[in-house]
1. What pairs come out if I take residues in the range A:1-22 that are under 24 Å from residue B:34 (Cβ atoms) and pair them with residues that are at pLDDT below 90 and surrounded by fewer than 10 Cβ atoms within 10 Å (Cβ to Cβ) whose C-beta lies under 9 Å away, six or more apart or interchain?
2. Would you mind stating whether residue B:58 is within 21 Å of residue A:161 (Cα to Cα) and free of Cβ contacts under 8 Å to residues at least 60 places away in the same chain?
3. Of the residues in the range B:43-61, how many are surrounded by 15 or more Cβ atoms within 10 Å (Cβ to Cβ) and either in a helix (DSSP H, G or I) or of a type in the set (Ser, Thr, Tyr) (or both)?
4. With (1) without any contact (Cβ under 8 Å) to a residue 12 or more places away in the chain; (2) buried (at least 16 other Cβ atoms within 10 Å of the Cβ) as the list, and residue B:219 as the residue in question, which single condition is left unmet?
5. Just checking, does the range B:97-118 include any residue being buried (at least 16 other Cβ atoms within 10 Å of the Cβ), touching a residue at least 60 places away in the same chain (Cβ under 8 Å) and not hydroxyl-bearing (Ser, Thr, Tyr)?
6. Test each condition in (1) facing another protein chain (nearest Cβ under 7 Å); (2) more than 30 Å from residue A:24 (Cβ to Cβ) for residue B:104 and report the one that comes out false.
7. Can you pull out every residue in the range B:132-148 that is in contact (Cβ under 8 Å) with a residue 24 or more places away in the chain, part of a loop (DSSP other than H, G, I, E, B) and at negative phi?
Amino acid sequence: MKRKTRNFYIYVNIGLLGLVPFGLICLARHERTTTPRWAIIQDMDKQPYYKPQRPSTLFADGRAMRPHIPGTLAQQDFIYVNQAQVRAHPHNWAKGHVVLKNKTLYDSVLYGQKLVHGQGQWLTHIPIPVTKRFVERGRTEFNIFCEPCHGYNGRGNGTVNRWDERLRKDGSPDAGTWVPPSDLLGPGVKFLSDGLIFNVISNGVGTMASYKDQIPVVDRWAIVSYVRALEKSQKVVPVSKLPYPIRHSLKSLPAKTMGNGKKK
Amino acid sequence: MSERPFFVFPKWSDWLTKVFVISTLIIPIYLVILIAYGCSARTLNVNYAPKQPVPYSHAFHAGKLGINCEYCHTDVKRAAYAALPPTQTCLNCHSLIAAKSRKLQAIRNSYGTGKKSLAGLSVPWIKVDDLPDYVYFNHEAHVNAGISCLVCHGKVNEMTRVYQAKPFNMAWCLNCHRNPAPYLRPRNEVTNMSWTGKNKVKLAKDLGLTVATLPHNLGKYLMKRYHIPSVKLLTDCETCHR
């Protein structure tokens, strides 16, 4: 072999060898690793302070965060303003703040009860001004927290219930002791007072768990309002049965707002 | 006859030229490219998928069952930190369904129905998407500004075991902080993993508008509506580092 050709092949081989590290990196990029990144320079990435939900050796339970002391409330959970201010600043709800004017309202908002002759009675109304925005908030929260069991329409056939039915059909032992959730539009819930529904969401009933740690107080009331709205939506009357003035006013509306019956 | 030059490199010294070119040009350039590629955030950070104490599958719970992200990560709209759920949340369903499953041993231990020595202790979940300690990320601010979970965490509803989907380096953060408009969506679609914004009717409903009055440029419109600060403030050091 000529010297020039030999040199050429040597260079090509060295060049190809040089591509090997790139290939290895390429593989590494597409592989899941169970070990965290390896850093030569730490760059103050890990500092001696506690982020939320991190472990600590200081306390016996191994947590850096301290749990709620029973019977106490965090300061930011409660702001005392009057209801007019609430209407002006509905974003307070987003924070889960309970807005309380006085002791009576405090009991009613927090526990769904009022004192009648020294005895607790379930509220028959929602102690927070119910606006369209409030009910819409209830829908959002309902679709997050209630939908898995009770379903979007409240009929008690949510995704988790359907999955359990499937497990049961397959004869899987995982189906467990699941009880189909109650129909929120049936008489069982319809005749409950608002305060009692609030209490069920807060503290659970039967196999239903307590949701007071997952849903802030105001959102729980919003859900109650949405459940009521769902109930109302079931009372469907055909247009022909409506009194004439209403029927007439409906017909004069443009087709778009009436809904043309097509699914989008 | 001309005068002889003072010094001439001998013929054998030709190889020095080659050595010089290779050592000062080719090798450094090669090393720079190799290190930049090998040590890039994309290579180092992405695809970190630690084995968790419970083989919880987001692909099943969030994907197949369609449980909303917020069912477990309840605080995401209200707090800086999107908290992991307490053991109680798992047991909302798992006290009834698959209550005896071997995979849920760590959950039962934490709840107090398993090993007595571990009762009341947290499940030792391992954090996947972790930012450096000098960055103060706020979930509340981002989620309420219409930034989807998807933007930072990837398609979690398709992950059997959660892995880090994005590099989480500063250049990547700034990508969006310099031009947030294309990443925005209506607030109530934040946890929707399949949102495209192409369904005009749905979009109008989300924004409380009608199809006819939909804004031409959704990103710009949402910037205004959600009061997203100027790029100058978004790229200020103090916005993320205190």
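1. Cβ pairs passing all conditions: A:9/A:1.
2. So residue B:58 does not fit the description; no.
3. 9
4. Checking residue B:219 against (1) without any contact (Cβ under 8 Å) to a residue 12 or more places away in the chain; (2) buried (at least 16 other Cβ atoms within 10 Å of the Cβ), the one that fails is (1).
5. Scanning the range B:97-118 turns up no residue that is buried (at least 16 other Cβ atoms within 10 Å of the Cβ), touching a residue at least 60 places away in the same chain (Cβ under 8 Å) and not hydroxyl-bearing (Ser, Thr, Tyr).
6. (1)
7. If the condition is that a residue be in contact (Cβ under 8 Å) with a residue 24 or more places away in the chain, part of a loop (DSSP other than H, G, I, E, B) and at negative phi, then B:134, B:135, B:136, B:137, B:138, B:145, B:148 are the ones that fit.
The rows are residues; the columns are (1) surrounded by fewer than 17 Cβ atoms within 10 Å (Cβ to Cβ); (2) touching a strand residue (DSSP E or B) at 6+ places or on another chain (Cβ under 8 Å).
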residue	(1), (2)
B:193	no, no
B:213	yes, no
B:223	no, yes
B:232	yes, no
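The values are calculated or read from the model by the stated rules, or taken from the named source; none is laboratory data. This one's a predicted model, so the numbers in the text were calculated from it and none came from an experiment. Cβ: placed from backbone, ideal geometry, glycine included. Neighbour counts: every protein chain shown.
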